[in-house]
Amino acid sequence: MSDVIVVGAGVVGAACAYYAARAGLDVTVLDRGPVAGGTTGAGEGNVLVSDKEPGPELELALLSSRLWRELAATGGGFEYEPKGGLVVAETPEVQERLVELAAEQDVPHEVVPADGLRALEPELAGGLAGGVRYPQDAQVQPMLAAARLLRHGADSFGRGALKVRLGVTVTGFTRSGDRVTGVRTSEGDMLAGAVVNAAGTWGGELAARAGVTLPILPRRGFILVTEPLPRPLIRHKVYTAAYVTNVASDSAGLETSAVVEGTPAGTVLIGASRERVGFDRTTSLPVLSRLAAQAVALFPALREVRAIRSYCGFRPYCPDHLPVIGADPRAPGLHHACGHEGAGIGLAPATGHLLAQVLTGRRPDLDLWPFRPDRFRSGEDR
């Protein structure tokens with residue numbers, strides 16, 4: 001019997017397991033697929049504060065940003081790049097709004113006038129109205145991050161223990177009265193003092209098996225990957241102001257915005273698209289064409305660069321754009337760590353850290369009320 005069973009071996013589940021083991025708990029991680037086999041494996045690795053509206057998610061992002069830096073300093077191995085983010089505006093009106101948002105966020109930033117953009121990004125297109133630079137924005141390699149968190153959590157040095165069991169499907173929950181006491185799986189029942197739902201896009205489906213509602217839906221996104229370049233072309237994570245708008249949008253239809261960044265391997269990642277089409281993985285050439293055109297408009301030098309592949313993933317969308325974190329009062333013994341949409345990689349350490357505090361009876365460093373699992377009306381957004 002474990003102290004905690006974590007369902008999901010993506011980066012959020014890995015962070016929950018890591019911090020719980022470090023807090024002295026015996027943890028078992030279950031996943032029906034491989035480590036980082038879902039949304040994590042299709043992510044860009046964003047660790048952002050720049051795209052967060054003032055409020056609970058920004059507070060979560062700031063805590064997570066600090067924890068990512070600590071993780072990189074104490075173990076690393078996941079290509080942590082504190083390169084900063086640059087949000088650019090195409091018109092003076094949009095630049096004014098970016099500056100206002102940065103002031104409201106009250107985080108470190110630098111307002112960049114139009115004639116200062118090329119000093120930061122020499123290959124940027126001309127005619128932009130300015131931008132805002134966020135030095136705290138960073139990037140990690142998400143699959144490495146999940147794997148490293150699980151590995152380092154397993155090396156708890158006399159504190160808790162961490163085991164990972166892959167190829168195990170959770171089919172339901174065991175109970176004693178109303179209390180969740182473990183999970184039913186393809187390999188039999190497994191008991192635990194607590195169960196953590198870190199199933200990402202499938203978090204709502206898993207919650208339903210416990211008789212509770214979480215309105216988590218898949219929101220598809222595509223990424224283009226270029227051939228490796230002989231020299232770095234892009235220094236920051238660069239995106240247009242439309243990306244912030246799209247992140248906060250409730251639309252089920254297609255939305256795209258230019259998001260461009262380099263990787264240590266020399267490739268360039270190009271996004272971002274969002275649409276709610278269920279779990280349809282069909283490659284959309286019109287979407288990829290639009291992403292390529294937006295990237296070339298932002299960085300004309302990319303016109304001569306070949307795209308070598310594309311991939312898609314599904315962000316776990318919640319209707320209020322906040323993740324679900326904490327104990328579920330509707331099913332005692334069940335905790336949730338899901339619904340992060342496109343911010344799961346960035347917010348993973350804070351989510352795991354806070355949930356470990358809850359699991360060990362400590363007061364969380366942040367107020368979890370905005371993220372509470374029972375905040376939704378039954379049937380919302382379905």
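The values are calculated or read from the model by the stated rules, or taken from the named source; none is laboratory data. Quick caveat, the model's predicted, so the values are computed rather than measured. Counting neighbours? That spans all protein chains shown, and the Cβs are built from the backbone with ideal geometry, glycine included. Please note that ligands, DNA and RNA were not included when accessible areas were found on the heavy atoms of the full protein model with its side chains. Shrake-Rupley method; radii C 1.70, N 1.55, O 1.52, S 1.80 Å.
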So Thr267 passes all but one of these: (1) open to solvent by less than 20 Å² (accessible area, probe 1.4 Å); (2) among the hydroxyl-bearing types (Ser, Thr, Tyr); (3) modelled with pLDDT of 95 or more. Which condition number does it fail? (1)
Residues satisfying the stated conditions in region 199-219, i.e. outside any helix (DSSP H, G or I), open to solvent by 10 Å² or more (accessible area, probe 1.4 Å) and more than 18 Å from Arg375 (Cβ to Cβ): Ala199, Pro218
Hey, can you tell me all the residues within region 205-225 that are touching a strand residue (DSSP E or B) at 6+ places or on another chain (Cβ under 9 Å) and free of Cβ contacts under 8 Å to residues at least 40 places away in the same chain? Arg209
How many of the residues making up region 226-266 are touching a residue at least 40 places away in the same chain (Cβ under 8 Å) and not in a loop (DSSP other than H, G, I, E, B)? 12
Taking interchain pairs and intrachain pairs at least six residues apart, which have beta carbon atoms under 6 angstrom, with the first residue in region 23-52 and among the small types (Gly, Ala, Ser) and the second in a strand (DSSP E or B) and open to solvent by 30 Å² or more (accessible area, probe 1.4 Å)? Ala42/Tyr311
Pull up region 155-198, narrow it to residues that are under 24 Å from the mean Cα position of the chain (by Cα) and not in a strand (DSSP E or B), then point me to the one that is nearest to Gly37 (Cα to Cα). Gly167
Go through the residues of region 275-287 one by one and say whether even a single one is out of contact with any strand residue (DSSP E or B) (no Cβ under 9 Å at 6 or more places or on another chain) and more than 28 Å from Leu144 (Cα to Cα). yes
Going by the structure shown, is Pro122 free of Cβ contacts under 8 Å to residues at least 60 places away in the same chain, over 25 Å from Trp202 (Cα atoms) and under 23 Å from the mean Cα position of the chain (by Cα)? no
